[in-house]
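Read the structure below first, then the notes.
The values are calculated or read from the model by the stated rules, or taken from the named source; none is laboratory data. Here the structure is a predicted model, which means the values were calculated and not measured.
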Amino acid sequence: MKSFQERRAESAAALQAGKERRAAIKENAQAKNVERHERFEAKRDAKKTDRAGKTDRAADSFKDIAIVGDRVECGEDGGPLAGASARVETAGEIDRRVSGTRLVLMGPLALLAKKKVDHRELYLTIEGAGFSIVKQLDPDRDGLAARQFAARVNAKATQIPH
């Protein structure tokens, strides 16, 4: 039979071994957390970089027209950006009229419910040395984006020396 001091020493050794195991497990877990966090940050940074690249590419294109380096490209057409000018042009009007059917069905109230016919047209025109690009656009959907793209083309065209 073991003496009290031997059992006490074994117990102390077992406690010490347990503390060392827990410390090793904790250290290992912390190392794994650090690695996991570093991988997470690397992925996040890669996504940010990818998003920034996509934003730049998206900002330099509209429909199938793109600014590539110091050129404007549209399918097979295109030319140098230096000296180019872009503008958004409108044509047509919105016509409000009383239709015959409305007049028969509604009588004098037809004057309040006029039929709206949209004859508007919107064009993005980019002209430069030896090229011209004209795209017909939807006035309701593309107006703002077309004007913003035209402004970017004009701004970049003035930054490039002739």
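Among residues of the range 28-67 being hydroxyl-bearing (Ser, Thr, Tyr) and assigned to a helix (DSSP H, G or I), the one that is modelled with the lowest pLDDT is Thr55.
Filtered by the rule that a residue be assigned to a strand (DSSP E or B), modelled with pLDDT of 70 or more and among the hydrophobic types (A, V, I, L, M, F, W, C), the range 68-107 gives Val68, Val72, Cys74, Ala86, Val88, Ala91.
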